[in-house]
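K.L.:
If you scroll down you'll find the structure; I have some questions about it.
The values are calculated or read from the model by the stated rules, or taken from the named source; none is laboratory data. Keep in mind the model is a prediction, meaning the values are calculated, not measured. Please note: Cβ atoms are built from the backbone with ideal geometry, for glycine as well, and neighbour counts cover all protein chains shown. For accessibility, only protein heavy atoms count, side chains too; no ligands or nucleic acids. Shrake-Rupley method; radii C 1.70, N 1.55, O 1.52, S 1.80 Å.
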Amino acid sequence: MTINSNLVGVISDELINPNSIKLLNEVTRQLNERGFITLLLNVTSRETYQTTLRNLVQLNISGLVFLTSLFDDELSVATDILPQVATVHLSPSVSANANVVVADGYDAGAEMGLLLLAQGHQRFGFMHSQQNTAPVCQMAGFVASLQLEQKALNLQLYAGGNARERAYEAMMAYLKKTRAAERINALFCESDVLAFGALQAVRDFGQGAHVAVVGFDDVDEARASTWHLTSWAQRRDLLVAEALNRLLENRVDTSGSWQQGELQVRHSHQGKPVPGEMSQCGCAIRH
């Protein structure tokens, strides 16, 4: 009989993503408390993914934690190479068989929609990281709250990656090609990273454009005076605990209490400059 080691593999391809880093910190902390050792696997391509998994065969690892979803067939590849190793995802996955542990994005989207409606915004948009991915629960909840007030989602933007540079380019292109009277005045982004890029594009575009921008994840930078970003804070400690319970103990909490989060209200949802914000000319805006 093969005895598993006390090694747990953690797979990620976005080690520069602040949310992935915070998740990784929480995973390693909790694995340490359980007496396990974290084996960090930085996957940059399908080839490195397959090679990395093959290198794990002799280690008899106890499980794999995915911080991000990499490929459509990532689970089937893992099952072929490591058939006895359990897996869990701390991010949405396109695979129907994935063991996914994520926050209640629907509730987050609904609350964010109500907040933006309360500000009197009339035209709404949602920014995705990718175009061909699983449906985003945040958007579904967002749309539902808008429909309750007879409002609609007027725009979907696709950044082409979960990177602020991509979000900046997508938002800037939209602002340049859309007449002022037809632009959205509130944008909900799939992540804080996208929100930072979109918000910077609105500021750099200038010309009196004001778009409320909100995010999801509540990373540390969201609290900075540079952004004052309104966001949704996940309970990473509860998410990781549930993921590791499933992975290492085959124990599932069906109550869903680990999905809870909290709306962090700052200033960016208002859609207007905040004190100290820099204008396009580089001058601080005073009120």
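K.L.:
Go through Val100, Val265 and list them by solvent-accessible area, largest first, probe radius 1.4 Å. Spell out each step's value before the answer.
P.N.:
Working: Val100 45, Val265 85 Å².
The residues order as Val265, Val100, largest area first.
K.L.:
Per Stokes-Einstein, at 37 °C and 0.692 mPa s, what whole-number D in µm² s⁻¹ belongs to segment 83-142, with the Kirkwood radius over Cα pairs as the hydrodynamic radius?
P.N.:
244 µm²/s
K.L.:
Please arrange Arg179, Arg235 by accessible surface area, largest first, computed with a 1.4 Å probe and ligands excluded. Each step should come with its number before you reach the end.
P.N.:
Working: Arg179 160, Arg235 90 Å².
The ranking, largest first, comes out as Arg179, Arg235.
K.L.:
Can you tell me the dipole magnitude for the chain around its Cα centre, using point charges on the Cβ only (Lys, Arg +1; Asp, Glu -1), in Debye to the nearest 20? Please list the in-between numbers first.
P.N.:
On the way: 22 positive and 29 negative charges, 162 e Å.
That gives a dipole near 780 debye.
K.L.:
Mind checking which aspartates and glutamates have their C-alpha under 16 Å from Lys176, skipping anything on the same chain fewer than 8 residues away?
P.N.:
Partners within reach: Asp204.
K.L.:
List the relative contact order of the chain as a percent without decimals, with contacts defined as Cα pairs under 8 Å and 6+ residues apart.
P.N.:
Relative contact order comes out at 16 percent.
K.L.:
On a full-extension model of 0.36 nm per residue, what is the gain between Leu114 and Gln130, subtracting their alpha-carbon distance, rounded to one decimal in nm? All intermediate terms of the calculation are to be shown ahead of the outcome.
P.N.:
Details: separation 16, 0.36 × 16 = 5.76 nm, distance 2.51 nm.
Extending this stretch completely gives an extra 3.3 nm.
K.L.:
Name the residue, out of Lys272, Lys176, Lys22, whose mean-square fluctuation peaks in a Gaussian network model built on the chain with Cα pairs under 10 Å.
P.N.:
Comparing Lys272, Lys176, Lys22 in the GNM, the peak value goes to Lys176.
K.L.:
Ok, one more. Which one, Ala173, Ala86, Ala96, has the greatest fluctuation when you compute a Gaussian network model over the chain with C-alpha springs under 10 angstrom?
P.N.:
Looking only at Ala173, Ala86, Ala96, the largest GNM fluctuation is found for Ala96.
K.L.:
Counting DSSP beta bridges in the chain, what percent are antiparallel, to the nearest 5?
P.N.:
Values: 5 of 33 bridges.
Here the antiparallel bridges make up roughly 15 percent for the chain.
K.L.:
Probe radius 1.4 Å, ligands and nucleic acids ignored: give me the carbon and sulfur share of the accessible area of the chain as a rounded percent. Write down the numbers at each step before the final one.
P.N.:
Working: 6660 of 13780 Å².
Carbon with sulfur: 48 percent of the solvent-accessible area.
K.L.:
Hey, how much of the P(r) for segment 7-102 falls beyond 22 Å, as a percent of Cα pairs?
P.N.:
Values: 965 of 4560 pairs.
For segment 7-102, the fraction of Cα-Cα distances above 22 Å is 21 percent.
K.L.:
Please check: in the Gaussian network model of the chain (C-alpha springs, under 10 Å), which one of Ala140, Ala224, Ala186 has the largest mean-square fluctuation.
P.N.:
Of Ala140, Ala224, Ala186, the Gaussian network model singles out Ala224 as fluctuating most.
K.L.:
With all distinct Cα pairs included, what does the Kirkwood hydrodynamic radius of segment 105-233 come out to in Å, to one decimal, could you say? Mind showing how you got there, number by number?
P.N.:
Values: mean 1/r = 0.0700 Å⁻¹.
Computed over Cα pairs of segment 105-233, the Kirkwood hydrodynamic radius comes out at 14.3 Å.
K.L.:
So what's the back-of-envelope 222 nm ellipticity for the chain, counting only DSSP H runs of four-plus at -39500 (n - 2.57) apiece and dividing by all residues, rounded to 500?
P.N.:
Values: 8 runs with 103 residues, N = 287.
So the helix-based figure for the chain works out to -11500 deg cm²/dmol.
K.L.:
Where does the charge balance sit around Ser145 when Lys and Arg score +1, Asp and Glu -1, over other residues with C-beta under 11 Å from its C-beta?
P.N.:
Numbers: positive: Lys151; negative: Asp107, Glu111, Glu149.
Here the charged neighbours net out to -2.
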